[in-house]
1. Please list the three semi-axes, largest first and in whole Å, of the ellipsoid equivalent to the stretch 49-193, using sqrt of 5 times the eigenvalues of its alpha carbon gyration tensor.
2. What relative contact order, as a whole-number percentage, does the stretch 102-162 give when Cα pairs under 8 Å and 6 or more residues apart are counted?
3. Remind me, relative contact order of the stretch 52-93 in percent, using alpha carbon pairs under 8 angstrom and six or more residues apart?
4. Might you work out the accessible area of residue 62 for me, using a 1.4 Å probe with all protein chains in place, and round it to the nearest 10 Å²?
5. Tell me, what is the percent relative contact order of the stretch 65-117, built from C-alpha pairs under 8 Å that lie six or more residues apart?
6. Per residue, how large is the accessible surface of the stretch 38-172? Use a 1.4 angstrom probe and give square angstrom.
7. If I model a spin label at residue 63 and residue 125 as a point 7 Å from the Cα along the Cα→Cβ vector, what separation in nanometres do I get?
Amino acid sequence: MMGDCLPNGFRLFCTRILKDCIDHNTKKKKKQKKQNDPSLPPLSQGQILHSIITAHGIETDFFYGSQLIRFYSVFDHFPDARNTFYRLPNPNSFAWSEIISAHTKHGKPCDSIRLYRHMVLLGAHVDGHVMVSVLQACAQICCLKLGTFLHVDALARGLLHIQIGLGFMCNNTLVDMYGRCGMLDSTQILNRD
C-alpha cells in the first residue's frame, strides 16, 4: 500500500488542515468573510488534500475516511461525504457516527435512521454519539415507536449512565424526543430506568 511510505507526521498534517478548514468555515458563518481575501477557500483546500490522500491510496483508511466525511459534512457536501463513507471497507464507529450525525444535523432524519439500521445489521459498534444522533432524528420526525426502542437499546448498552460522558447527552436527547412526540411526562420515563 502506498500509504506505508508516508512520513509519520502526515496524519497530523491532514488532521490539522481539515480542522483548520472546518474552523474557518464555522467562523465564516459567524462573521462574514473579508472582501478580496486572496487565500484559497477552505472547501478547495480540503478537496485538494482529499486528492492527495486518494493519490497515496489511503482514502479507504478509516482514519482519513472519517476525517473526510466530517469535513464534507460541515460544508454540506453530502454526495462527497457519502461517497467517501461507502468507499470505506469496514467503517468504524467514528465513521458511522459522522455520517449519521451529518444527516441528522442537516434535516435528513430518515436517512440517519436508515444508516443506523444498516449499521446495526452489519454488527458495527453503537456508541453514545450514534445513539444521540439517531434519537435526534426520531425527535425530528416524532417517531415515538423507534425512539422508545432506542431508549431500551441505550439502556441495554449502558449508554445512559451519567458516569459515561455522553450519558447526559443521551438523557437530554431522550427528554427532547419524548417531549416532541407528545409524551410530556418524559422525566418519569427516565426516572423509571
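1. Details: eigenvalues 186, 45, 28 Å².
Sorted largest first and rounded, they come to 31, 15, 12 Å.
2. Working: 38 pairs, mean separation 20.2, N = 61.
With pairs under 8 Å counted, the relative contact order is 33 percent.
3. Working: 34 pairs, mean separation 17.5, N = 42.
Contact order relative to length: 42 percent.
4. Accessible area, nearest 10 Å²: 110 Å².
5. On the way: 49 pairs, mean separation 17.4, N = 53.
Reported relative contact order: 33 percent.
6. Details: 6380 Å² over 135 residues.
Heavy-atom SASA per residue in the stretch 38-172 reads 47 Å².
7. 1.6 nm
The values are calculated or read from the model by the stated rules, or taken from the named source; none is laboratory data. Given the structure is predicted, the values throughout are model-derived calculations rather than measurements. Please note: Cβ atoms are built from the backbone with ideal geometry, for glycine as well, and neighbour counts cover all protein chains shown. Ligands, DNA and RNA are stripped out before the accessible areas are found, and what is left, the full protein with its side chains, is counted by its heavy atoms. Shrake-Rupley method; radii C 1.70, N 1.55, O 1.52, S 1.80 Å.
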